[in-house]
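*Asks:* One structure is given below, represented as C-alpha cells, and several questions about it will come after.
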Amino acid sequence: MDIYDWPYRIKSARRKKRLVKKDFDKQLIRLDKLRHSLSDQIGSLPPIILEKPYQKGWKRLFVLRYDIKRSDKAEFYQTLLNKINKVQYHYDRSFKKRKIRKGEYHYYDAEKQKLRALSYDEFHGRRFNLSDAEKQCFYRKEIWNNQYRKWEAIYACTEAWRFVLTIQPHIVFAVNSVDELLEQEMSEIDKYINWNNWQPRISKLHGNAYKYWGDVYFDKPQHINKLKNKPRYTSKEAYLEY
C-alpha cells in the first residue's frame, strides 16, 4: 500500500518543530496587534478639561516678526512656520542648565534652538504637503551624519529672519484620560515582550528587520587627508556614479 493512500500522513520530527515555531510566530503577531489596538484605544480617550488651568514651566518657540505679521503675506508665512516650528519646554524661563566645572556651578543654554530642517522625504513627501511657493523658501545643503557615517541632504529655511524666538508660559488646559484596565493590560504585554526580548522577532515577522548590509559608510571629514589618503567615495552621489 502506498504511503500517500493512507487516511493521514505521519508528521516528521522536523515538520513538527516547524509547525510549533510557526504557531508561536502567529501568537507573537496576534500579541503585537493587540498591543497596537490597546495603544490606539488609550490615545483615543477624550481629554479632561480642567476647571482651573495651571502653568507648567515655560515654552520657547518661533513667532512671526512684528512687521511680517502686519504684511500682506502674514497668512502664508504663518502656515509655513506651523510646519517647521520647534517648541522647547523648560522649568526655568532662562532655559539654562546647571553644570559643575572645577567645583563651581556654571549655567549654559540647554540647546541652541533653530527652525526645523526637512529631510529629502519630508521635503518631497505628503507629510508636510509643501506648495511650490513654500518650496522656494528652502535651500538644499549636505551635512555629515555621525550616526550612519555618511552624507545626507537636508532642506533649510532661507528666510529665517522673518521669525523671532520668544518665551511664553506653558499653560495646561486639559489632561489625558486614564483607563486603569487598558493601562494594566498594555503594561503586561510590554513587560512580557521586553523581558523575553521578542521585539526583534516581531520586527522580523513584519519585514522591518535591520539590514546592516544596506548602509554605505564613508570616511569622516576630519579624517580625510586631501594630500595623501584620498577617499574612494566623497559623497553618496559619487558612490552611485561608481
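Derivation of every value follows stated rules applied to the coordinates shown; laboratory data play no part. In this text the structure is predicted, and so the values were computed from the model without any measurement. Reconstructed Cβ throughout: ideal geometry from the backbone, glycine too, with neighbour counts over all protein chains shown.
*Asks:* Taking each pair of distinct Cα atoms in region 48-175 once, what is the resulting Kirkwood hydrodynamic radius in Å?
*Replies:* The Cα-based Kirkwood calculation yields 17.5 Å.
*Asks:* HN-Hα J couplings of region 153-167 from phi, Karplus 6.51/-1.76/1.60, θ = phi - 60°, integer Hz, Gly and Pro as x?
*Replies:* Values per residue, Gly and Pro as x: 8, 10, 10, 10, 6, 8, 10, 5, 5, 6, 10, 10, 8, 9, 10 Hz.
*Asks:* So for region 48-175, averaging the separation of alpha carbon pairs under 8 Å that are six or more residues apart and normalising by length, what relative contact order in percent results?
*Replies:* Worked out over region 48-175, it gives 40 percent.
*Asks:* Here is the link list: Lys83/Lys191; Lys56/Lys114; Lys83/Lys141; Lys114/Lys204; Lys33/Lys86. Which ones come out longer than 27 Å on Cα distance?
*Replies:* Lys83/Lys191; Lys114/Lys204; Lys33/Lys86
*Asks:* Give me the net charge for the shell around Gln168: Cβ to Cβ below 15 angstrom, other residues only, Lys and Arg +1, Asp and Glu -1.
*Replies:* Here the charged neighbours net out to +4.
*Asks:* Next question, about the same structure. With unit charges on the beta carbon (Lys/Arg positive, Asp/Glu negative), name the residue among Leu80, Tyr120, Leu28 whose Cα is farthest towards the positive pole of the charge dipole of region 1-148.
*Replies:* Comparing the listed Cα positions along the dipole, Leu28 ranks first.
*Asks:* Let me ask you something else. So what's the net charge close to Asn194: Lys and Arg +1, Asp and Glu -1, counting the other residues with Cβ under 14 Å from its Cβ?
*Replies:* 0
*Asks:* Would you please name the GluC sites (Glu not before Pro) within region 20-119 that are DSSP coil residues with at most 14 other C-beta atoms within 10 Å of their C-beta?
*Replies:* Passing both the DSSP loop test and the Cβ count: Glu111.
*Asks:* Give, as a single signed number, the net charge of other residues whose beta carbon lies under 14 Å from the beta carbon of Ile68, with Lys and Arg counted +1 and Asp and Glu -1.
*Replies:* Its environment carries a net charge of +1.
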